[in-house]
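To start, the structure itself, in structure tokens.
The values are calculated or read from the model by the stated rules, or taken from the named source; none is laboratory data. Nothing here was measured: the structure is a model prediction, and the numbers come from that model. Please note: Cβ atoms are built from the backbone with ideal geometry, for glycine as well, and neighbour counts cover all protein chains shown. Please note that ligands, DNA and RNA were not included when accessible areas were found on the heavy atoms of the full protein model with its side chains. Shrake-Rupley method; radii C 1.70, N 1.55, O 1.52, S 1.80 Å.
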Amino acid sequence: MSAQRRVEIAGAGFAGLTAACALAQRGWQVRVHERAERLRTTGAGIYVYENGLRVLEAVGAYAAAVEGAPIAHTREVRDHHDRIISVHRWQGSRVFSIVRQRIINSLGEVARRAGVEIIFNSEVIGADPSGELLLSGGQRLKADLVIGADGTNSRVRDALRLIAKRKRLVDGATRLLIDKTPDERAATEHGATTVEYWSGSRRVLYTPCSENDIYIALTMLNSDAAATAVPIDKALWKRSFPHIEPLIDRIGTEGRYDPFELIKLRRWSAGKVAVIGDAAHALPPNIGQGGGCAMMNALALAVHLDQHKAVEDALAAWEAAERPLTDHTQRVSVLLGLPTTWPPTLRTLAFKLSARSKWLLHQRTRIVYHHPTGT
Ligand SMILES: Cc1cc2nc3c(=O)[nH]c(=O)nc-3n(C[C@H](O)[C@H](O)[C@H](O)COP(=O)(O)OP(=O)(O)OC[C@H]3O[C@@H](n4cnc5c(N)ncnc54)[C@H](O)[C@@H]3O)c2cc1C
């Protein structure tokens, strides 16, 4: 019998935990290093589409991840007069809006059940292509495979000098959760309508995402310093969105602002080190697929490793098979973000036209209808 293969993973986010589950389920000995003191995630809520849901099913985290989350069946875009500009109804595929921590907890639970060791307060500072993970305490951990799933500021990726392009986009978002009112609790029994309100270059995204929570994302240009402030300046947001004053009044002092980024690598691996998730291919959230790509590529990595004896061969085959769809998704997401800086009249026209464009719909849903490797 061959010896059990060992993997050291940096980061216990969507990518790292999915890879941990999928590899442990395929017989690997898995250790995850998370710099935080517990499993935690930033960003409040998240949309997970059919492709990501299939991955959650494949690793066994689906039921717990979607429990209590509404099906986000309808998305409305409204202008500064609260007039509807476009409506999209998801038909023929699933999409849930979910509290992020619920997904992370579900993946963490599956990982533990599969025998994964998760080490908290363990900060990774780099990696070596020979298959070594470097920790801040000075330890060098040798393994058959090392995975950098340590997010946009990945130390693993940077140690390997893999970046081809890293671009900070013009916009960013502050995300938070607020409690549902009794009326909102009753209203989402049969799923949820997401509303994106626009005013100038600012927007408010309203998303029911559990029995008790509404996910709010306030998006703005990064140069709009007053709008990026946390706690949010309610008077400022109410001036931009007088028609949703009561909603803005419900926002507390919490929230986290993040600028959007686009990251592309020369290669997704170097030697025995693979880079996955935002560390490899961060994309702006306009298409809601960063987490979906992270989970898909993490599962696919485990599948490819099963099919090749040499880790390096598996990593090359994995990137060749999976990267084209991720590249496409990044391109579409950047395209969808272009109207942010356009004058409101032009933007409204673009939204109306794009809502009718079969070509654009096909481009943005290609990943949704894709059957991920391993599902
Ligand atoms: C505003 C906004 C909205 C979004 N909406 C959606 C959406 O609706 N749907 C969707 O699919 N995606 C969405 N995304 C994208 C999604 O959040 C990311 O793609 C996803 O979180 C990437 O997962 P990850 O595991 O690669 O990275 P992360 O979630 O960043 O996880 C990285 C983990 O590594 C840990 N870590 C970092 N550095 C170290 C270190 N040195 N040592 C040890 N541990 C470390 C971190 O603590 C963290 O736990 C959105 C993004 C933004 C900004």
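Structure notes:
- The set of residues in the stretch 120-138 being over 24 Å from residue 315 (Cβ atoms) and either of a type outside the set (D, E, K, R) or open to solvent by less than 40 Å² (accessible area, probe 1.4 Å) (or both) consists of 120, 121, 136, 137, 138.
- On the stretch given as the stretch 115-135, residues that are within 14 Å of the ligand (Cβ to nearest atom) and part of a loop (DSSP other than H, G, I, E, B) total 4.
- Any hit, the stretch 291-301, residues being open to solvent by 20 Å² or more (accessible area, probe 1.4 Å), more than 16 Å from the chain's Cα centre (by Cα) and more than 21 Å from residue 219 (Cα to Cα): no
- Count of the stretch 339-364 residues which are closer than 26 Å to residue 276 by Cα and surrounded by fewer than 17 Cβ atoms within 10 Å (Cβ to Cβ): 1
- In the set 245, 322, 312, only one residue is closer than 22 Å to residue 30 by Cβ, more than 16 Å from the ligand (Cβ to nearest atom) and not basic (Lys, Arg); that residue is 312.
- Single residue of the stretch 199-226 satisfying the filter (open to solvent by less than 10 Å² (accessible area, probe 1.4 Å) and assigned to a strand (DSSP E or B)) that is nearest to residue 342 (Cα to Cα): 220
- Subset of the stretch 328-338 (residues that are in contact with a strand residue (DSSP E or B) (Cβ under 9 Å, 6 or more places away or on another chain) and open to solvent by 30 Å² or more (accessible area, probe 1.4 Å)): 334
- Qualifying residues in the stretch 153-194 (those that are part of a loop (DSSP other than H, G, I, E, B) and within 12 Å of the ligand (Cβ to nearest atom)) - the one surrounded by the most Cβ atoms within 10 Å (Cβ to Cβ): 154
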